[in-house]
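Participant: Structure below; questions to follow.
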Amino acid sequence: MSKQYYSSNSDIYLKSFEFPDIAEEDLFLSEIRRTCYDTFYPFRIMATRNIKYMDFDAITILYGENGSGKSTALNVIGEKLGLERDSLYNRSNFYEDYLRCCSFYASRIPEGSSIITSDDVFDYMMNIRALNGGIDIRRDELIEEAVSLKYSSFRMTSLNDYDKLVKSNDAKRLTQSKFVRKNVMGNIREQSNGETGLRYFMEKITENSLYLLDEPENSLSAGNQEKLGKFILDSARFYGCQFVIATHSPYLLSIPGARIYNMDEEGMVCRWTDLPNIRKLYDFFMEHRSSFDI
């Protein structure tokens, strides 16, 4: 692990993971002799790509085209380690069988470690939208209440009327917008979906834990992907976090010191600048570099 970027080897909780190879899968599948299934997922995913071992750093990234097994690997690792998770995933009849064929080496798995998927972020944004809908309804109700209180007389008869007296005075003293802002929680919609998604990771990720992130760049702009990359790097450098990330994002792939597995090339460890899609981006911008010249 690079001492240039990360604080201590003690922050590497998950050291390595082993998947079954073709021979081990063949042995298991020949023994069960079940012919009523047309798929044995997650069997035949990692083994057909000759991916058996993974060693992990403070930040480890799984790269590959769609269908390369990135999400499968994350889900298998997360389930084998017993990590917390919120959203459902593709769990077949053979999942437990496959997990028994896997093994891992870890110093410990901290409490609160979890796997976070793009579905989790999407659900969070939907909840925020629902909350905003409730805020809109409450805002309309408060506007009507402000108008009613502003032009009505009110006399306090007991302490039970104190709150209403305060509201009545506010309605007479404040503009409608100030009255509403004082009596309703801040409108979360002031943030875009991308900003909301970024905030989700910053709230969810706490110190001294292991996190598996499945395509966290979904819904994030380039700028917010860059911010997420810096947040992940800082969390690993200063707050004892370890990350395993499945991503296509060049902003995350370029995190300094990250170990990158190319799932399209039998899980080969490589530099981010050697990845095919990164080279395509480089060639594209070089082809159009005159458009950027001032």
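Just so it is clear, none of the values below were taken in a lab; they were calculated from the coordinates. None of these values were measured; they are calculated from a predicted model. Here the Cβ positions follow ideal geometry from the backbone for every residue, glycine too, while neighbour counts run over all protein chains shown.
Participant: How high is the FRET efficiency from Tyr105 to Val269, r the C-beta distance, R0 22 Å, rounded to 0.05?
Facilitator: 0.80
Participant: Continuing with the same structure: Give me the Kirkwood hydrodynamic radius of the range 187-294 in Å, from all C-alpha pairs, to one decimal place?
Facilitator: Every distinct Cα pair counted, the radius reaches 15.4 Å.
Participant: Using alpha carbons only, how many angstrom separate the centre of the range 202-225 from the centre of the range 58-80?
Facilitator: The range 202-225 and the range 58-80 have Cα centres separated by 15 Å.
Participant: Please work out the FRET efficiency for the pair Tyr239 and Asp119, using the Cβ-Cβ distance as r and a Förster radius of 22 Å; give the result to the nearest 0.05.
Facilitator: It comes out at approximately 0.30.
Participant: With 25 Å as the limit, write out which pairs from Lys80/Lys227; Lys15/Lys230; Lys15/Lys280; Lys70/Lys230; Lys204/Lys230; Lys15/Lys70 have Cα-Cα distances beyond it, or answer none.
Facilitator: As for pairs spanning more than 25 Å Cα to Cα, those are Lys80/Lys227; Lys15/Lys280.
Participant: Work out the FRET efficiency for Phe231 and Asn93 from their Cβ-Cβ distance, taking R0 = 35 Å, and round it to the nearest 0.05.
Facilitator: For Phe231 and Asn93, the calculated efficiency is 0.35.
Participant: Run through the range 233-294 and list the GluC sites (Glu not before Pro) located in a DSSP loop whose Cβ has at most 12 other Cβ atoms within 10 Å.
Facilitator: Loop-located and lightly packed - Glu266.
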